[in-house]
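Beneath this line is the structure, given in structure tokens, with notes to follow.
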Amino acid sequence: MNMEKNSLRYLWSYVRIFKYFFLLIIFLTLLSQICGQFYPYFLAKIYDTAAKASQDADVWERIFAYAFWALALGLGKVLLFEATMFIDVRFFPQARTIVIRDAFDYVNRHSISYFNNEMSGNISNKVSQLNNGVLEFFNFFQNIAYSSLHLFVTVLILGFINLWFLLALSVWLLLVAAIGLFMGRKRSQYSKETSTQQSIANGMIVDSLANYSEIKSFANFKFERYNLLRYLRLLRKAETREQKIRALIHLSLNLITVISMLLFMFLSILMLKFGQINTVSFIYANTLFMTIAPIVFEITWMSNNVSRTLGQLDSALSTIAVEPEIVDMSGARKLQAKKCSIVFDNVSFAYKGKDNLFNGLNLEIKPGEKVGLVGTSGAGKSTFIKLVSRYYDINEGSIKINGVDIRSFTQDSLHQNIATIPQDVCLFNRTLFDNIRYGKTGASEAEVVAAAKKASADEFIRAFPNGYQTKVGERGVVLSGGERQRIAIARAILKNAPILIFDEATSALDSRSEKHIQKSLKVLMKNKTVIAVAHRLSTLREMDRIVVFEHGRIVEQGTHLGLLRRKGRYAKLYKMQSDGFVGITDKA
Ligand code: ADP
């Protein structure tokens, strides 16, 4: 699925989906307007006939006949219009569902770097702008169909009464439309600015709230507030400019309407005086014009509003509908493997706008081998593991799994074959049970509990009053770093992927937690190809090989003991930390 970047084309893609709905609405509205605009004709006939009542005896019969027609047409207009409302009841909620579903699907195609660059508050704000925009447009479409058909039918009737009316109306319509269009452009410019500022301010609020613990620990509430106020000031300025032009447009359009109505009356008086029209036509034409003068005003006003909606849609689409950075190649196949080798073959990689981090990097990891990555911070360990999952595309060389470039696999199948335990384990605000089952969404209760047992998590989970049904994030349910890791390990055990990537937290664990994690990792790593950014001695000792990184290069490789004996970089790094790498409890 592709998403149109241009707001009009984007809207068109949805209009096409609901074309029958739109046609039905247009049809019913046209009928309703025909009824509505013939109704005043019979009123005019009633006034005219009633005025001559003293000269004609059987006049009352005719008056009742006219009144009957007026009643039928009036009722027809109302009922046909109300029918469209009942159609909306079904249609609008359906349209909302489809628009949000599509936006959600598309956003999920973006690469990790997209999510890193865009604040999540900003993204969700843009998604709501999209669905509000489409619904507002559909609403606009209905109103504009109603008003334009009203205008169309009326102009036809007035033209039929007298061609001078048609000529005068055409000039008048062109003039009003030109003024409306010009003002609409101006307003759209300002509204785009307002919506951009609004997104920035919203993103700022979400960013602050998401990091509330930092704000508290740095006692920086005032700083955050100051920052937010700065953005709010910009938003206020943009909004004031927009509201000002809005008020100006409203004023001009209202003035134009009143003046036009008076001018039309003068024109028709002149025509009556010179015998161009009779009394019935005079009353009918003026009644009709009184209904369309505000309608033209409404159409221009609505067009102005829709240009605002289009402005907002454009701004939302410019964030959401960008091309995903990483896409599956055409004909990409599924990676299906029980055992995986991983090879970095002459890999060069640079983050956007930065110098190369890796230059011709080579590393071969055999199926089932366990490799620990070690090095000072910024050496490239995390980047290395991100590249295996293809979170970024490399610039040169290739990364191969079982001899095949990972770019020829679908990203989904690649990720299905890699279980990752990140440094900071993120848990969904769902139950512990659901969080573990995330590794295999169709897992049975017994499977979930078995995985939790293997991850040494069962015991602490059962200690909560609600056990597995405890909701993470509920007040009082706070998991320690070690406990979160064990949930992540249980999840990875359920996933049972042939490749395991483990980014070990640098923080020290208490010895009990460490023992639990060590035990569960052992279960998890069995028969898997493992790449671990390792800090703890307990983990390092489990590794078949340790690879030492420095400035994006591999400077040493070997086993833990072999490297210590060599007294090179690894031994130095190891010594630098008095207790091993991180709070190690047992000595080498
Ligand atoms: P390590 O995991 O060894 O601490 P990283 O792989 O995280 O090192 O970082 C290697 C280098 O790449 C660092 O200089 C870091 O600043 C840079 N870097 C990491 N992530 C990004 C990113 N998303 N965009 C730009 N540069 C990055």
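Using Cα atoms only, what is the angle between the long axis of helix 120-161 and the major principal axis of the chain, expressed in degrees (0 to 90) to the nearest 10? So the helix axis and the longest Cα principal axis differ by about 20 degrees. For Lys366, give me every one of the aspartates and glutamates with a C-alpha distance below 13 angstrom, ignoring sequence neighbours fewer than eight places off in its own chain. Cross-link targets: Asp544. Taking only the C-alpha atoms of the chain, Rg followed by Dmax gives 35.7, 127 Å.
What is the ratio of the Cα radius of gyration of region 265-412 to 2.2 N^0.38 Å, where N is its residue count, to two decimals?
Working: Rg = 34.4 Å, N = 148, 2.2 N^0.38 = 14.7 Å.
Dividing the Cα radius of gyration by 2.2 N^0.38 Å gives 2.34.
What's log10 of I(q)/I(0) for region 433-487 at q = 0.18, 0.25, 0.28 Å⁻¹, Debye sum over Cα points only, no solvent? Here the Debye-derived log intensity ratios amount to -0.55, -1.07, -1.31. Does anyone have the angle between helix 163-210 and the longest principal axis of the chain? Alpha-carbon axes, 0 to 90°, nearest 10? Approximately 20 degrees, to the nearest 10.
Relative to 2.2 N^0.38 Å, what does the C-alpha radius of gyration of region 1-85 come to as a ratio? Two decimals please.
Details: Rg = 21.5 Å, N = 85, 2.2 N^0.38 = 11.9 Å.
Here the Cα radius of gyration is 1.81 times the empirical estimate.
Evaluated at 10 °C with a viscosity of 1.306 mPa s, what Stokes-Einstein diffusion coefficient in µm²/s does region 455-568 have when Rh comes from the Kirkwood expression over alpha-carbon pairs? Here the translational diffusion coefficient equals 100 µm²/s. Compute the separation of the alpha-carbon centres of region 86-116 and region 138-162 and state it in Å as a whole number. Taking the Cα centre of each part, region 86-116 and region 138-162 sit 33 Å apart. Over region 367-501, accessible surface divided per residue gives 43 Å², non-protein components excluded, 1.4 Å probe. Given R0 = 41 Å, the distance between the Cβ atoms of Ala571 and Lys237 translates into a calculated FRET efficiency of 0.10.
Of all the stretches in the chain, which is the longest one without any exposed loop site, taking chymotrypsin sites (Phe, Trp or Tyr not before Pro) in a DSSP loop (any state but H, G, I, E, B) with at most 14 other Cβ atoms within 10 Å? That gives 1-217 as the longest site-free run.
Rolling a 1.4 angstrom probe over the protein heavy atoms, how many square angstrom per residue are accessible across region 1-150?
On the way: 8420 Å² over 150 residues.
Dividing the accessible area of region 1-150 by its residue count gives 56 Å².
Skip the ligands, DNA and RNA, and give the accessible area per residue of region 267-308 with a 1.4 Å probe, whole Å². List each step's numbers first, then the result.
Numbers: 1800 Å² over 42 residues.
For region 267-308, the per-residue accessible area is 43 Å².
Rg then Dmax, both in Å and based on the Cα atoms of region 131-280: 25.2, 87.
If you average 1/r across every pair of different Cα atoms in region 12-165 and take the reciprocal, what Kirkwood value do you get, in Å? Kindly include the intermediate steps, with their values, before the conclusion.
On the way: mean 1/r = 0.0516 Å⁻¹.
Its Kirkwood hydrodynamic radius stands at 19.4 Å.
Where the alpha-carbon atoms of region 193-280 are placed on the principal axes, they occupy 87, 19, 14 Å, in descending order. Note on Ser398: accessible area approximately 20 square angstrom, rounded to 10, probe 1.4 Å, nucleic acids and ligands left out. Here Ile98 sits with roughly 30 square angstrom of accessible surface, probe radius 1.4 Å.
Here's how it looks for Ala350: its modeled amide H is under 5 Å from those of Leu357, Asn395, which are all 5 or more places away or on a different chain. Note on Arg241: accessible area approximately 110 square angstrom, rounded to 10, probe 1.4 Å, nucleic acids and ligands left out. Taking Cα atoms only, the orientation of helix 279-320 departs from the longest principal axis of the chain by about 10 degrees.
Post the alpha-carbon centroid distance, region 355-429 to region 1-43, in whole angstrom. If we compute the Cα centre of each part, the gap is 52 Å.
Taking all protein chains together and a probe of 1.4 Å, list Met576, Met265 from the most accessible to the least accessible.
Numbers: Met576 135, Met265 80 Å².
So the residues, ranked largest to smallest area, are Met576, Met265.
Note on Lys19: lysines with a C-alpha under 24 Å away, same-chain residues under 8 apart excluded, are Lys5, Lys77. Across region 275-361, Cα-Cα distances exceeding 22 Å account for 71% of all pairs. Taking the 1.4 Å solvent-accessible surface of the chain as the whole, the part contributed by carbon and sulfur is 59%.
The values are calculated or read from the model by the stated rules, or taken from the named source; none is laboratory data. In this text, all values refer to a predicted model and were calculated from it rather than measured experimentally. FYI the Cβ positions are ideal-geometry reconstructions off the backbone, even for glycines, and counts take in every protein chain you see. Only protein heavy atoms, including side chains, enter the accessible area calculation; ligands, DNA and RNA are left aside. Shrake-Rupley method; radii C 1.70, N 1.55, O 1.52, S 1.80 Å.
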